[in-house]
1. How many residues does region 82-102 hold that are among the aliphatic types (A, V, I, L, M) and open to solvent by 50 Å² or more (accessible area, probe 1.4 Å)?
2. Identify, please: which residue in region 147-179 is free of Cβ contacts under 8 Å to residues at least 24 places away in the same chain and surrounded by 15 or more Cβ atoms within 10 Å (Cβ to Cβ) and is, among those, farthest from residue 29 (Cα to Cα)?
3. List the pairs whose first member sits in region 109-131 and is under 19 Å from residue 64 (Cβ atoms), whose second member is in a loop (DSSP other than H, G, I, E, B) and of a type in the set (Gly, Ala, Ser), and whose Cβ atoms are under 7 Å apart, counting only residues at least 6 apart or on separate chains?
4. From the set of residues in region 180-207 that are of a type in the set (Phe, Trp, Tyr) and surrounded by 17 or more Cβ atoms within 10 Å (Cβ to Cβ), which is farthest from residue 62 (Cα to Cα)?
5. Assigned to a helix (DSSP H, G or I), more than 30 Å from residue 114 (Cα to Cα), touching a residue at least 40 places away in the same chain (Cβ under 8 Å) and open to solvent by less than 10 Å² (accessible area, probe 1.4 Å): is that true of residue 79 in this structure?
6. What residue, among those in region 116-146 that are assigned to a helix (DSSP H, G or I) and within 19 Å of residue 204 (Cα to Cα), is most open to solvent (accessible area, probe 1.4 Å)?
Amino acid sequence: MFYFRIILDMSNFILNRYVLARQQQRICSLVSTQENCTLKTPFISVTAEYPPGSYIFAETMCLAAFLVLVTAVLRFTILQTMTKNQFKILNTITLAMLCLVCVGMTILGNVQLSVNSLLHNIGAYAAFGVGLIACWTNSVLTFHANIQMEGRIIGIFRTFLSFTATIAFILYMVFQGLASAKAQWALVILVSVYIASLAIELRFYNFQIHFWDIRNSSGNTNKAGARVIPAANLVS
């Protein structure tokens, strides 16, 4: 549950950035009406335009991208040994999408909206647009793998998160102003909770890093490498 706690803590850091921006009087409140506020609309990217919020945002997104990548690789390793051929393909596609999500998160965190809006928005859609698709594919894989007979319960929970996140994404695209900002915050929190939930099944597994080094008769290294594999048995 380590990853679950860390990723939720990073969501808390993002909310703290909103608090900092409010204290600096740079954005409107999420509970206000746009008509009686002359400040900027409280989109997440707007709260990260100025220090110290921008520093917190960049650090948080880079750390989150690393944890998402580790979780995605470990989950891929588990499911690849448990799924049938057609689901192996879906598992591989999901891993590729989550890798793209990680790239988008680093772009989103390190390129402020006011510096390069095009690149920033590309990172945002890679992180949360592609991430939303990965949420749905992971829900399908959850039902199929049914790890420790928990697939149905966890799958229903993840499907609910995917559905509500999809609604939030649609509202974010359709509405403007404060309503769009509220939908964006809801989308980010829902996707963050979903990604954190991917660590639930990891509690059943131990992982080992295996290194090998094959040397020839002269003592020179002929071949070397490493791989991460799950310890074969589920932890009871």
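The values are calculated or read from the model by the stated rules, or taken from the named source; none is laboratory data. Since this is a predicted model, take the numbers as computed values, not measurements. Note: ideal-geometry Cβ built from the backbone for every residue, glycine included; neighbour counts use all protein chains shown. In case anyone asks, the SASA skips ligands and DNA or RNA and just uses the protein heavy atoms, side chains included. Shrake-Rupley method; radii C 1.70, N 1.55, O 1.52, S 1.80 Å.
1. Within region 82-102, the subset among the aliphatic types (A, V, I, L, M) is 82, 89-90, 93, 95-98, 100-101.
Pick out the ones that are also open to solvent by 50 Å² or more (accessible area, probe 1.4 Å) and you get 82, 89, 93, 96, 100.
Residues that pass the stated criteria total 5.
2. Let us first name the residues in region 147-179 that are free of Cβ contacts under 8 Å to residues at least 24 places away in the same chain, namely 149, 151-153, 155-156, 159-160, 163, 167-168, 170-176, 179.
Of the ones still in play, those that are also surrounded by 15 or more Cβ atoms within 10 Å (Cβ to Cβ) are 151, 155, 159, 168, 171-172.
Values: 151: 39, 155: 35, 159: 31, 168: 19, 171: 19, 172: 17 Å.
Only one residue tops the list, namely 151.
3. 112/48
4. Applying the first criterion (of a type in the set (Phe, Trp, Tyr)) to region 180-207 yields 185, 194, 204-205, 207.
Those still in the list that are surrounded by 17 or more Cβ atoms within 10 Å (Cβ to Cβ) too: 185, 194, 205.
Working: 185: 19, 194: 18, 205: 26 Å.
Here the answer is 205.
5. Details: assigned to a helix (DSSP H, G or I): yes; more than 30 Å from residue 114 (Cα to Cα): yes; touching a residue at least 40 places away in the same chain (Cβ under 8 Å): yes; open to solvent by less than 10 Å² (accessible area, probe 1.4 Å): yes.
Here the answer is yes, as residue 79 does meet what is asked.
6. Restricting attention to region 116-146, the residues satisfying the condition of being assigned to a helix (DSSP H, G or I) are 117-145.
Narrowing the set further to residues that are within 19 Å of residue 204 (Cα to Cα) leaves 138-139, 141-145.
On the way: 138: 5, 139: 4, 141: 0, 142: 5, 143: 92, 144: 55, 145: 16 Å².
Per the stated criteria, the residue is 143.
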